1. When the residues of the stretch A:609-622 are filtered to those that are within 14 Å of chain B (Cβ to nearest Cβ) and within 22 Å of residue B:58 (Cβ to Cβ), which remaining residue is surrounded by the most Cβ atoms within 10 Å (Cβ to Cβ)?
2. With the condition kept exactly as written, say whether any residue in the stretch A:253-268 is farther than 14 Å from residue A:212 by Cα and outside any helix (DSSP H, G or I).
3. Among the residues of the stretch B:125-150, write down those that are more than 12 Å from chain A (Cβ to nearest Cβ), within 24 Å of residue A:619 (Cβ to Cβ) and surrounded by 22 or more Cβ atoms within 10 Å (Cβ to Cβ).
4. Residue by residue through the stretch B:18-38, note down the ones that are facing chain A (nearest Cβ under 7 Å) and either part of a loop (DSSP other than H, G, I, E, B) or closer than 19 Å to residue A:512 by Cβ (or both).
5. Return yes when residue A:467 is surrounded by fewer than 20 Cβ atoms within 10 Å (Cβ to Cβ) and out of contact with any helix residue (DSSP H, G or I) (no Cβ under 9 Å at 6 or more places or on another chain) and no when it is not.
6. For the stretch B:55-124, which fully contained helices (runs of 4 or more DSSP H) count at least 3 residues that are within 9 Å of another protein chain (Cβ to nearest Cβ) and in contact (Cβ under 8 Å) with a residue 40 or more places away in the chain?
7. Please enumerate the residues belonging to the stretch A:135-158 that are within 27 Å of residue A:483 (Cβ to Cβ) and assigned to a helix (DSSP H, G or I).
């Protein structure tokens, strides 16, 4: 190689910043314990609903988002940052761009986590899964993410290594895609400091949310962890990566294809059929790109399996990668419509998620941390034995978690759809299908406890390692030559073929992927291609969803929520009801028999946000207004569900009967909805009075149904708007047609 | 995988000590990828361009099959007193309705009909009912201001008869349950007294 091909500048001296890695590592484990503990608490509540002590702050619907957000953004998030900060510096032979930005990133992220931990128990939520945080926190996330991006790309700009290693490609994809997803999914109009309404409604909102939800899995739980794998696995195994070519092909196919797959979360729903098909087909296509990562991981260990047998760190990696392979096979399978018809809304989804989260994200994180600990604390790991016990206890924990939950999912899915010889539902009582799962839930809780125990052992091990650290830390001096201009790429290889067409020669040269080598030394160009891959796929799906009118055929009798119903709807979201109840009756006879007419896209045009849900721990509620119109029943049920429904595992909501509803606050919410295009009239002037009038009406109905409520003080309590919403749900399509004017009004609203 | 041509040639580059092999992609991997992409074409051709059944088609077929089954079993029932009284004697029909009542009505009337939020349907006291056709009417239109939902949109006429018969037949086994509401009414007329042609509808 000639000197100009190297284009080397003067030798430079620098130091790596490992203090920031230490911080992120400790934060990972501390939040990991918190997030998993909350998971265990809500798992126990499913079996013993009274375990929430009837406290609003410990209620399942409020804690479930805390669990998911904590494990995704706090546990996995901090792990990602630890990985990025440690490996990027080494792969670029450069210190992070700015220590100040590193600190802002770390403390800003922890502050966001704390604000999440406070706001969810308080019922402050957008009720969009894994994007529940309200708008001020969303803005903070955006800012911190920009800080992270500047710090990362700044480091790339100052690198002393000409080409970007594959781990860095995955980090680039992560940073770009998460930014795009977070911003576009969270576009909302604030109604107050702590409440906003999304700019999307109904079908479109569902579409955006699952474009986000699915790709959060892709770009927060997959690509950064692949990056992590590509750095820490070859380091720990001391083996070269199996195939550079495979890295290239699976990287680009993954980044491009993942984005399309989101609508597989919306099979059999009111989302357009073409979108569901796209989601399914691209999910199937995603199987091999995902397995490319698994193969490159496992095959890197060829010839090192004897090491794996002795080294707990490699064991964590092997099991983690194996779970990655399993879940990325299962994912495409679940995206097949008929399979999804059985699995959706059941625990199958929960099992799928946890094989990925505990197996892949959890074990890759633990493997990384055990590898990092002696290096960042510059001492031996405190206990190798604990590390090994953690591995076994964690593995058994995962199996005890997922196996019973797979069984639970399959059991309930089959029970829901079972017909008897008369062609009638065999299990008409929903609670029957829940009670059947409780033994499985107990085993799951044991599995979860074991996994959590392992995490606590890891935390203790790391803390003890930290306690025996050298003080002060050594900061070894690094040396590398700066990059200089005038770099000449290696010559493009010729075609290896003989006697074929020109095109074939060109293809052969292309397939040798020399062009990619050039991209790898041009981070800007590389990033632009990532942006293109992410955006093209997004636009192909999102634009038609918004522009094709026939996606959401208008229903003339569907009208906006009254102020009181909107208040109720907001309480429904604040309590997190969507965590256990869907509002989407699928067009399958067992669903229409159980719940009523299947849900139509036009019914959701005023739903901001949509509340279709993803798991039915309780029954679907879309037609509850048709099938249960008793105010007295709802009051008794909210107060203590078992009073009306024997064997119910729904939590109690006694505070709905004692807390006063905020009637005056509804005006700004109505106004915000109007700004978003909801055709309100009189409501714009006197929403609170209208809400009060309807509250009185409902209260009177309560007394008429059950005179013992006369003289109670329920009239202005939260339970009244909540019931107003319940009574309204799903009733619009059965209403008689109003006069022409209303039809035009609704038509005008359609984009 | 032993037959794969992995010559394990190392590239000359190296990142923080990490090296990479110039190995080809596993051939089965490439083929599976290609096939999984090609699968899209026949699928779209059949289900979206051709006349493969849509999800709604499938639902309609399921519903039609059930309607046929109902017709075959019970004939085309019409909501009138003789029919409702007659179906009360059809033990199979009553058994079949038990599950439906449990699913849709038990939240308010309890699975055995003894009443909770809704009245006890097993006693002789009724609020809105004098004869069996009133039962069908209450079920069809509901008494929505008092909490009883309207089921008219959810049931076919035949189903409405069967549900009404089921409710009427609950009286044959009075349960303590919720205290009586409304006024006592006489026993339902005997099926034969209502002038039933035992063969009607068969």
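The values are calculated or read from the model by the stated rules, or taken from the named source; none is laboratory data. Fair warning: this is a prediction, and the values are worked out from it, not measured in the lab. Neighbour counts run over all protein chains shown; Cβ positions are idealised from the backbone, glycine included.
1. Within the stretch A:609-622, the first condition is being within 14 Å of chain B (Cβ to nearest Cβ), and the residues that meet it are A:618-622.
Cutting the leftovers down to within 22 Å of residue B:58 (Cβ to Cβ) gives us A:620, A:622.
Numbers: A:620: 23, A:622: 27.
Per the criteria, the residue is A:622.
2. The answer is yes, given that some residue of the stretch A:253-268 is farther than 14 Å from residue A:212 by Cα and outside any helix (DSSP H, G or I).
3. Residue satisfying the conditions is B:139 alone.
4. As a first pass, look at the stretch B:18-38 and keep what is facing chain A (nearest Cβ under 7 Å): B:18-26, B:29, B:32-33, B:36-37.
Result: B:19, B:20, B:21, B:22, B:23, B:24, B:25, B:26, B:29, B:33.
5. On the way: surrounded by fewer than 20 Cβ atoms within 10 Å (Cβ to Cβ): yes; out of contact with any helix residue (DSSP H, G or I) (no Cβ under 9 Å at 6 or more places or on another chain): yes.
So residue A:467 fits the description; yes.
6. On the way: elements: B:55-74, B:81-88, B:91-104, B:106-109.
Answer list for the stretch B:55-124: B:91-104.
7. A:146, A:147, A:148, A:149, A:150, A:151, A:152, A:153, A:154, A:155, A:156, A:157
To keep it simple, each residue is scored yes or no on (1) at pLDDT 90 or above; (2) assigned to a helix (DSSP H, G or I).
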| position | (1), (2) |
| --- | --- |
| A:505 | no, yes |
| A:517 | yes, yes |
| A:526 | yes, yes |
| A:540 | no, yes |
| A:555 | yes, no |
| A:558 | yes, no |
